[in-house]
Each structure stands twice: as C-alpha cells, then as structure tokens.
1. What is the mean projected area of the alpha carbon convex hull for the range 24-173, to one decimal in square nanometres?
2. Calculate the all-directions average of the projected area of the range 109-256's alpha-carbon convex hull, and give it in nm².
3. Of the listed peptides 28-36, 332-340, 201-209, what is their order by residue-averaged count of other C-beta atoms within 10 Å, with the highest listed first?
4. Where both partners of a DSSP beta bridge lie in the chain, what percent of those bridges are antiparallel, to the nearest 5?
5. For the range 237-249, what does the Karplus curve 6.51 cos²θ - 1.76 cosθ + 1.60, with θ = phi - 60°, yield as ³J(HN,Hα) per residue in whole Hz, taken in order and with x for Gly and Pro?
6. Looking at the calculated P(r) for the range 209-303, what percent of the C-alpha pair distances fall above 16 Å?
7. Return one quarter of the surface area of the convex hull spanned by the alpha-carbon atoms of the range 1-100, equal to its mean projected area, in nm².
8. Could you pull out every one of the lysines with an alpha carbon less than 26 Å from that of LYS60, ignoring same-chain neighbours closer than 8 positions?
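Derivation of every value follows stated rules applied to the coordinates shown; laboratory data play no part. What you are looking at is a predicted structure, and each value in this text was computed from that prediction instead of being measured. We place every Cβ from the backbone using ideal geometry, glycine too, and count neighbours over all the protein chains shown.
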Amino acid sequence: MPSVFIKTYGCQMNERDSEAVAAQLMTKGYAVASDEAQADVILLNTCSVRDAAEQKAINKMETLIGQTRKHNPDAVLGFMGCMAQSRGAELVDQLPDVDLVLGTQKFHRAGEYLEDLLNGRRDKVVDTDEEKGSEGAIREHLLNAQSESKAVTAFVSIMQGCNQFCTFCIVPYTRGRERCRSIEDIVAECRGLVESGVREVTLLGQIVNSYGKREIGVKDGKSAFVQLIEAVHEIEGLERIRFTSPHPKGYGDDLVDAYVRLPKLMENAHLPVQSGSDRMLKLMHRGYTRDRFLELVGKLRTAAPEMGVGTDIIVGFPGETEADFEETMSLCREVEFDNAFLFKYSRRRDTPAAEMPDQLPEELIEERHARLLEAVDEIRVRKFNEFVSRRMEILVEGPSRRNAARLEGRTRCNRIVVFEGGDRFVGQVMDVEIESTSPTTLYGNPAIINLN
Ligand code: 5AD
Ligand code: SF4
C-alpha cells in the first residue's frame, strides 16, 4: 500500500484542497506517511499570493529531492495548487526530479495520475487545464474516509475562483473565474459531515458574498449567499456556521441581518480592508472606500456587539505615500481590529500593480510594516485582555495543540480557549469562564459544577 505525505502552504482553501486529495487517496488504499522522507508520494500544495510563499515551497522541494535521491529514489514528487497552476511546466524545467504538476482545477485527478506514476510512467505529468465542473469535485473529507480523527469542525468549499481582479493579486489567474456549487450539493455535504460528528462548518470561497450571484440570484430580498446560509442553518445537529472570506464590496444588509436572525451563525467577520487610503483602494481596484468600510463595520457591530472583526492589510503597495500609510494606521486605530494580518506588498507577475510606477524600496516597506505591526498588536492585546473574567460559550474541538493533556475550544467570536477537562466534552457547546490570557490564547475554567 503506497504512503503519501502532503504539505500545505497558504490559506484555508489550500488546507481544504489538501484534505480532499488526502481523502481521495485514502479511499484508494493509500496510507498517510508519518515521515516525509519515507513516503512513496510527496505532494506540496502551494501558495502564490506572495513570492516568499513560492520560494518556501521551491526550497522545500529541493530539500526533498536531495533526501529522496539518497534514501527513496522511487518516490513520486509533485507540486499542486496555485504555484503549480501559475508556473506549470516551468517547475519541471527548473526541478527535473519533479514528476507531477497538478493545477487548481485538477485536485480530483491526483489519484489517477499517481497510479500511472507509481506504475512506472516515465514522462512527467503537467496538467493545468481548465476543467468544467471541477468546483464540485472537492467534496471528500478525511473523516468520511475511515480516518481515525473525529473532527468537530470542517471546511466546506462552496465556490472556486475570483472575478474581482484586485491589481496586486494573482488569485484570479491561479484559481480562475468564479464557479459555484449548488445549494443542494453543499447542504448534502454538510449533512454528511454532521452525521459523522461535525458540529461546526466553515464555508469557504475567495469572495463568499459573491456566491451564486448570477446562477441563483436574489430571492425575497436575500442574496444567494444568505439563502445558502439559511439552508445550512436548517441542518439538525449542526451547531455553528462560519464563513470566510467575505469582500467589503457588495456586503449587503441581508448578510448583516443574518447575524441577528440566525443563531448558529458565529459572530466573527474577517473583512480584508487592504488599506485605509481611498487613493490606494482605488489603485488596488477594491471597489469600496474607507467610509463605506467603516460604515459596514459599524453595521456589523450594531447587529452583533460581540462581533470579532479581523482583516488583511497590504503595506507598501506601489505609490503608497507616508500620508496613505498614516490613513491605514488611523483606520486600524478607529476600527480596533480583533485580529489583523499584515502583508508586505509582493510584486506578482502579470498583475497590473507589478507594472505600476513608484514600487517602494524594501526597507521602507519593512519599516512601515514594523510600525503598523506594533500598533495593531497593542490594540489586539488590549482587546484580548478584556475577555478576562468573562463567561463565554465555546465549542470544544479536542485536545489542545500546545498541550494534549488539556482541551481546546473556540468562542463564538473565534478565539481559542484552553482549559482542563475530559474527553467527554469534545463536540459539546459549553460555557467557560476566562481566567487568563497569553498573547494568542485564552485560558478558561468550565463554568459548570461536577467536573471530572
Ligand atoms: N502582496 C502582498 N499581499 C498580498 N495579498 C494578496 N496579494 C498580495 C500581494 N501581491 C494578501 C491580501 C489578501 C491576502 C490573502 O493576501 O491582503 O487579502
Ligand atoms: Fe485576490 Fe482581490 Fe480576488 Fe481577494 S478579491 S482573491 S484579493 S483578486
């Protein structure tokens, strides 16, 4: 029985794609390799959003080639995902030991190509073609493939691709145009997950609020995405629903209102703002203004005062002046994000921003990044400490990743809480009282009597 090792770079979409490929291979009889150096098949699921992510995967592959040549010369080595899609055959030219390059619409073909390669196929496989219907092919989960793990939470991919073409972003080129699965299909997948013990689903897409805009459309004043959430909300036994990422553009009042109406929808919004400067937002082709963004955050916090608000910000977009950067700083102070991911602008080939004048020197980007990081961190820690002494509802997910003797769960607003307790809590929704915090974790005490 061949064994497989998959390493994932990048976003939750990639995590989900890797899981689906792993599940597909498990059903074909593969085992999960505990040690990458011993695996018969080693796959790197890659990210292209920034150059650093691409370089990491390439360096990793070089190391793997060095290792397997010595100990495991028949191992099949492959790239899949975004960098596989954008670089294609170039990767094989650069690294002739690579056997497989699998694009973003081809994850479901991994099994058949690997079978050929393991059976001695000599020529390389590079498949980065478009494939109609591929958005519906990512549906297998590890927990459905007789795996040992009893997952409490699961990602569900509802759509693929992006039509927004932000000028800095490579994703529309690596993931292609927007394609959506049907509501029935997604609900059926969620139902299956719940039957296997899952209590929380996170609906994934590049811009989830564009879901089904053309194919399904508005009904009774509700966008297709809200119709989808409502349909998932009906599933008995499902406790929690999350989604990521929405786009501030086209974030309708119906989606704001969903937080008020639908108790299973968790109070957490990851809203990538990218910049606080209207001039930058326009050059980035984001489709909203600073005021519109602030108005949206205001509406969300009015609808759900406990709302955890997160964001992504790019520092050093071409032409960013000190004044533009100050606007981003002031936006962060005004919104007080619970969580902000900061990205140093990375020039991506074939994107419009790569050709824009005034590309900023690296030192300046570094310097602004450090200043913004200090500001957002200070805000995050201050807000985090406000949780101490509060009672919060969590869904218990399993043993803590840091200390397996403890359990870990998540608050409705997506904070990790670590606490002492036995296995019987796993999968349960319960209250904990927050006793202390570390920079990223809350520590709690179950707010019930008769523990053990
Ligand atoms: N450079 C830096 N960050 C980028 N992102 C997307 N493209 C780039 C780029 N070229 C960031 C955005 C996006 C997140 C997933 O990655 O902030 O929201
Ligand atoms: Fe990239 Fe913009 Fe699409 Fe997000 S919305 S994936 S940043 S092009």
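1. Over every viewing direction, the Cα hull of the range 24-173 projects on average to 10.0 nm².
2. 11.1
3. 201-209, 332-340, 28-36
4. Once the DSSP bridges in the chain are tallied, antiparallel ones form about 35 percent.
5. x, 7, 9, 9, 10, 10, 8, 7, 9, x, 10, x, 6
6. That tail contains 58 percent of the Cα-Cα pairs.
7. Averaging across all directions leaves 6.0 nm² for the Cα convex hull.
8. LYS7, LYS70, LYS106, LYS124, LYS344
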